[in-house]
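Presented below is the structure to which this report refers.
Rule-based calculations on the coordinates, nothing more; no lab input. Remember, it's a predicted structure, so these values are computed and weren't measured experimentally. We place every Cβ from the backbone using ideal geometry, glycine too, and count neighbours over all the protein chains shown.
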Amino acid sequence: MSPSARPAEPGVAAIVVNYEAGPLLEGCVASLLDEGVDELVVVDNGSTDGSADRVRRRWPGVEVVSPGRNLGYGAAANRGVAATRSADVLICNADLVVAPGSVAALVDALGARPTVGIAGPLVRTPEGDRYPSARRFPSLVDAAGHALLGMFRPRNRFTEAYQRSDLAPVGDRVAPVDWVSGACLLARRSALERIGGFDEAYFMYAEDVDLCWRAGRAGWGVVYVPGAEVTHQQGVSTARHPYRMILEHHRSLLRFAGRSTTGWRRLLLPLVAAGIGVRAVLASVRTVAGS
């Protein structure tokens, strides 16, 4: 289901995708309202923790869309986009807080760059560290090195190349990147409509990589805006179903590899699939060991 082509209106719509985020959802909504967004829609993916109901009671003006089941991240985001009309659309996870002035910084970055369709902020962990939310599309070599070494030796050259370790916080300097994290991104509605929104075949993970990849192929740029900041709790919802999330993560990686690999490199896809399978097994073993 792609975003409907409704006439766009000036302003910013915020779409919050929620699944069992508990009280963190309220913190996210409050921070977005403080930013003065013109529309705010929470898409609740079948939560049973009462988080969506608390939003309804506390902010009657916030629209809550309830599909009745967990559609996955991209599909839920598409429904939120379809329920709004603003020209710029901020899509974010429920377990983050937006720093003051960050929405305006993202809007300004798009406004100053007519060919840019997607902008992502600096994402910080609760401890204040920079999370590598702006990355490049990895070569097959970098992808393989990151997949096999990244879990055990994060500071390897493959992971650092893929995660753009050169993009340390640099004030208001906006940088072009290949893709930005779907945990929080601002997109032009016109760009989303042109590429059909998120691919709903991705349940979780890599839907943001795919979105930015298709945007680039359609002529839209992607930028990293460190002057905008969010603090992301990370993993609040996915921790409830760790093994399914490992499966979905690696299934999504395989889907994107199949879509984006062209020419003679497609001959290497069986090896890529094998590597992704090995990584999934290692991730499952690591989860068992840590439980």
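Annotations
- The value for segment 11-92 of Rg(Cα) / (2.2 N^0.38 Å) is 0.97.
- Of the peptides 72-78, 204-210, 254-260, the order by per-residue mean of other Cβ atoms within 10 Å, starting with the highest, comes out as 72-78, 204-210, 254-260.
- Peptides 179-192, 101-114 ordered by average Cβ neighbours within 10 Å, highest first: 179-192, 101-114
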